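Here is the structure we will look at.
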Amino acid sequence: MGSPTEYTEVDKQSQYQEVKDRPVHISVAGPLLPLVIQQAPRPGNEPDETWWLSKSQRAPAYLDLLYDLAIAAVLSVSGDKHELMSAQSMLAYFSYFIITCWVWASQCLYDSRYQSNDWLHRLFKLLQLASFTYISAVGGSKSFNGVALAYAVSRILLAVQYMYITCVTQKRARRERLQSFLIPIVTLLISALCWIIAGLLPLNAIAKLVLAYGALGAEVVVTLGSGHLKRAIAPAAGLLAERFADLTLVILAEGVLGLVKTLADVVSGFGLAAGGRMLPAYSECFCSLIIVFVIWHFIFHAFNPEERFKSRKLASAWAFFHLPLHFVILLVLSSMKNVAVYENVGGALNVLVPIFNQALNNTGETADYKMFDAALTPDEILQFHKLNLQPTFITEINLLNQQYLTAADNTDDLPDFDPYVDAMQYGAQVCMEVAKTYEITFTQMTTEAYANLSNVERSWSTNDTQLHLQESLAYEWYN
């Protein structure tokens, strides 16, 4: 018998030969996914820990990231459709924010427990994205029926997922933890029914809001309460914390994106020097980025997703408080964006209004168009060419000058229109186009006032009373 060293060398040589003779397969598509993965409790890393899925059976993290990016897109669209300028607008946005966040959170609670790496769960993920897209599409509409239907569809879809898990769970585990499956199924179906009924009620009915948001509140309470039951299935350790952390990062990233977009609109419009305030404009954007960084550092400085809570109540409270946290973060980010936008809108108007007033003061001074146009510098005229004005600024002031000279002439020629009313309407158009440059959404009152001003009769009248009436009406709507 050879020495141990000789045996080891021979053994190594035989192993090398075995590996050499074995065919090598290079996989470019990865392993085939199963259609269904049967689920049951499994021992975790800790002695008292139980996993419903092993790590190898869980869905990959990029599927969760795809879903998190979907809610980011929904919140981004809803933020653009809801201008947070008053308490009423904040309340309307909060009501929509609750719906969106709970759809995401309730799905995360399911995913962190049961989402396995099989084809049916990928199909469910596709349907979830479709549901979120529909919620985003109807979220900015004034009809509550679309929102109610979208939320009801999301509840039915989640209930179907719980039914699927009930069917694929091993019989013994299903009998032992049947309440963990039946409670969410019944709750989701009742909630969906309430939202469908709320959508069918008359638009101005108070019962509509009470029924809808009462069902949502009951759904939250039952979901959080059922997690404290003795045989409840707990989420995978650290997975739920990572999902909430990812969403927080996505919301902060959306804030940075909004600030960058606002800065790009400012630079491409009237520039950071609009109104002579280049340094404050730069400092506003820089301070906003500092605030975003400080928020990130405050939240994530000591964050450890693997650290376990002492009790499920603390874990539920931690997850629930993300709702007000994310809403406040969105308010802060939206406020910083609004400050930058409206400061620069004011700067742009400080540039345009004096030029427009100067052009109006020059009307009637000369009939020579070249001399009249030369009263304004090319740079001043260029500022108005950044706007989509009809007619162009230089054409408008020449028309006003011509009509003013005709009205002041003692001949029998009459002006084609009242230059005073036309100047009011054109000045309002300038203000509206400046606001559109920065993608400002107008209130219904502002939109109606602009429409009424545009509809004021501007034709010249030989009746002084009629002329005074339409000029007074134009002045009233302008202010």
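With kT/(6 pi eta Rh) evaluated at 4 °C and eta = 1.567 mPa s, and Rh the Kirkwood radius from Cα pairs, segment 53-236 diffuses with a coefficient of 75 µm²/s according to Stokes-Einstein.
Taken about its Cα centre, segment 388-455 carries a charge dipole of roughly 340 debye when the Cβ of each Lys and Arg holds +1 and the Cβ of each Asp and Glu holds -1. Taking 0.36 nm per residue of separation and subtracting the current Cα-Cα distance, fully stretching the chain between residue 163 and residue 95 would add 21.6 nm. Reported to the nearest whole Å, the Cα centre-to-centre distance from segment 403-479 to segment 149-186 is 63. Taking a threshold of 26 Å on the Cα-Cα distance, which of the pairs 337/436; 55/125; 55/230; 208/337; 171/230; 261/386 fall above it? Exceeds cut-off: 208/337.
What are the residues whose amide H is under 5 Å from the amide H of residue 39, where those residues sit 5 or more places off or on another chain and H is modelled from the backbone? Sorted by chain and number, the residues that satisfy this are 169, 170. Multiplying each eigenvalue of the alpha-carbon gyration tensor of segment 119-189 by 5 and taking the square root yields semi-axes of 29, 14, 5 Å, largest first, rounded to whole angstroms. How would you classify segment 363-478 from its alpha-carbon gyration tensor, with a ≥ b ≥ c the square roots of the eigenvalues: rounded for a/c under 1.5, else prolate if a/b is greater than b/c, otherwise oblate? It comes out oblate by the Cα gyration axes. Dipole magnitude for segment 300-443: computed about the Cα centre from +1 point charges on Lys and Arg Cβ and -1 point charges on Asp and Glu Cβ, it is near 1800 debye. In this structure the amide hydrogen of residue 417, modeled in the peptide plane, comes within under 5 Å of the amide hydrogens of 460, none closer than 5 places in sequence on its chain. Backbone geometry of segment 413-428 corresponds, through the Karplus equation with coefficients 6.51, -1.76 and 1.60 at θ = phi - 60°, to 3J(HN,Hα) couplings of 5, 10, x, 6, 8, 7, x, 5, 5, 5, 5, 4, 5, 6, x, 5 Hz, x marking Gly and Pro. Maximal additional length on extending the residue 433-residue 318 stretch stands at 36.8 nm, based on 0.36 nm per residue less the C-alpha distance. Full extension of the chain between residue 300 and residue 408 yields a length gain of 31.8 nm, computed as 0.36 nm times the residue separation minus the alpha carbon distance.
Throughout, read-outs are computed from the coordinates displayed, never taken from laboratory work. Bear in mind the structure is a predicted one, so any value in this text is a computation, not a measurement. Cβ sites come from the backbone with ideal geometry, for glycine too, and all protein chains shown count toward neighbours.
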